[in-house]
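Below you'll find the structure, written out as structure tokens, and then a few comments.
The values are calculated or read from the model by the stated rules, or taken from the named source; none is laboratory data. Note that the structure is a prediction, hence the values are computed from the model and not measured. Ideal geometry is used to build each Cβ from the backbone, glycine not excepted, and the neighbour counts take in all protein chains shown. Remember, those area values only see protein heavy atoms, side chains included, never the ligands or the DNA or RNA. Shrake-Rupley method; radii C 1.70, N 1.55, O 1.52, S 1.80 Å.
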Amino acid sequence: MRDGLFTMATDGSARLLGGWCGTCGERHFPSTASCPYCSAEDVTEAPLSPTGTLWSWTAVTAPPPGYGGEVPFGFGVVELPERIRVITRITEADPARLRRGQVMRLEIVPLHRGEDDRPVVTYAFGPDER
Amino acid sequence: MSAADVEIAGVGIHPFGRFDAKSVTEMGVAAVRASMAEAGVGRGGFQAAFCGTAYGGVAAGHKVLDALGMTGMPIFDVEAGCASGAAALILAADAIRAGQHDTALVYGIEKMPRGIIRSSFFEPWREEAGLAATPAYFALRAQRLMHESGVTLDHLAQVVVKNRRHGVENPAAMFRRAVSAEEVLASRVVCEPLRLWMLCSPNEGAAAVVLRRSAGRSGRPVKVVAAVLRSHLPGNVLSEATPMSGRVDDSIPPPTTLAARAAYETAGLGPSDLDVVECQDTDAARELLSYEELGLCPRGDAGKTVEDGATEMDGRLPVNPSGGLLSKGEPLGASALGQVVELTLQLRGDAGPRQVQGARTGLAHTVGRGANASVVLLNR
């Protein structure tokens, strides 16, 4: 899909890769060369917390343009402890089963099969079962 | 010179809808011709032209004036998402106000692809991952409005019922049948809580406005008293800018609020001075959000405002007497100028069966991807 969005440790645990600005201290995702808040260039790539809380959500029922996976799928915004809100897929596609403030955990999930039939994966947040 | 020095000399519109047999250029020509005829300005009467379009392609505005043999003057092609037509008008009004031109032609043209809007704004990986679903962003905003402002599913349906009822009387609208709340709620769920009929249809159409420096003519012409564009501030994850992340901070003013504040200040007017409003209703929740962001009601009162009938034709402040985008559909580059055409008719008293009685001051508002928000204030 795109390199640099997330990392996976050998134990399978995943982290999103955010950007941390050394000038203004703000975090952003994905990490970019210039800080999207203050334009500074001293951005360091830093992993973000794997858990957060659900802030808004819906389900996409028709495939949007350029999309290679299946529908319906969950979609929403998760708030992370670094005080940022991240747009993300949600593993639960039934909005009625989700609630505001619910604890969510990052997962790496299959998206579709690529041109060479290799699985393409993406990040998503799902209800934290731990 | 004051902002009151720019006036609308004529308007024209090609209906919004689906016209498979017509090119976008032909629709633009129809709207431009109509506006020129109304203004009484001939083909040599303009010093500049400004064309709004998002999907028209390279030099789309030039093609319209090529067809009319009206090239030679500067032609500016302007893309600003849903605010494209307004951005074109703002440039034209500023140029006239600055003394650069006496008369300018402003037009918006569009022939949208069918289906969910595809935009080069989104990177390919974001599309591939399903993170470029436009209605889903509308739905996330709708959910927040329901949490924060007490807006209910019934309120969302009422917005559609109101605008579709208004649209019955608008010959330029795509949908001209009134619908019931039950029908709206029974339409297919696209992205919870949004049903199909709560979303506007991307479509085709054109609109044109002839602007000129006011010469103190009699007959009280419609004047452009403010025309403002603002972009978003960084940090708001659900603004029309749709970044991948934002800050946990709900105090960041959205672009609509920034544009409205600047427009009210320029014109020396406030929301209580308005008689009629045409606002962005790409989805039913967006209209309610616009009430709050434009200051038409206090924060948290949007649902109650539509429930009380305040924004109906006979209410305190009629909103979208044209039927809004929910009735007209949205041809991106033309939609903002379609609003200006409607308000011009309303302020002149020429809106026929959808006339807001005694309307003297109107506000047109758009907000679109980028994000850009426009607010245009007209009075007579």
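Values computed for the structure shown
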| read-out | value |
| --- | --- |
| Residue identified as surrounded by fewer than 19 Cβ atoms within 10 Å (Cβ to Cβ) and either within 14 Å of chain A (Cβ to nearest Cβ) or out of contact with any Lys or Arg (no Cβ under 9 Å at 6 or more places or on another chain) (or both) among B:269, B:199 | B:269 |
| Residues satisfying the stated conditions in segment B:145-155, i.e. open to solvent by less than 30 Å² (accessible area, probe 1.4 Å) and closer than 11 Å to residue B:289 by Cβ | B:145, B:149, B:151 |
| Some residue of segment B:210-225 being away from chain A (no Cβ under 14 Å) and more than 30 Å from residue B:45 (Cβ to Cβ) | no |
| Only one of A:33, A:40 that is more than 29 Å from residue A:129 (Cα to Cα) and touching a residue at least 12 places away in the same chain (Cβ under 8 Å) | A:40 |
| Residue that is nearest to the other protein chains (Cβ to nearest Cβ), among those in segment A:47-106 that are closer than 22 Å to residue B:235 by Cα, among the hydroxyl-bearing types (Ser, Thr, Tyr) and open to solvent by 20 Å² or more (accessible area, probe 1.4 Å) | A:53 |
| Segment B:123-151, subset of a type in the set (A, V, I, L, M, F, W, C) and without any contact (Cβ under 8 Å) to a residue 12 or more places away in the chain, residue nearest to residue B:72 (Cα to Cα) | B:125 |
| Filtered residues of segment A:107-120 (kept if closer than 26 Å to residue B:238 by Cβ and at the interface with chain B (Cβ under 10 Å from one of its Cβ atoms)) | A:111 |
| Per-region count, segment B:21-66, residues open to solvent by 40 Å² or more (accessible area, probe 1.4 Å) and touching a helix residue (DSSP H, G or I) at 6+ places or on another chain (Cβ under 7 Å) | 2 |
| Qualifying residues in segment B:132-178 (those that are assigned to a loop (DSSP other than H, G, I, E, B), out of contact with any Lys or Arg (no Cβ under 7 Å at 6 or more places or on another chain) and among the hydrophobic types (A, V, I, L, M, F, W, C)) - the one nearest to the other protein chains (Cβ to nearest Cβ) | B:133 |
| Residues of segment B:160-196 that turn out to be under 18 Å from residue B:142 (Cα atoms), open to solvent by 60 Å² or more (accessible area, probe 1.4 Å) and basic (Lys, Arg), as a count | 1 |
| Residue among B:277, B:237, B:209, B:224 that alone is surrounded by 22 or more Cβ atoms within 10 Å (Cβ to Cβ), of a type in the set (A, V, I, L, M, F, W, C) and assigned to a loop (DSSP other than H, G, I, E, B) | B:237 |
| Criterion (closer than 23 Å to residue B:164 by Cβ and of a type outside the set (Phe, Trp, Tyr)) met by exactly one of B:312, B:265 | B:312 |
| Residue match in segment B:314-334 (condition: more than 21 Å from residue B:160 (Cβ to Cβ) and either open to solvent by less than 10 Å² (accessible area, probe 1.4 Å) or not basic (Lys, Arg) (or both)) | yes |
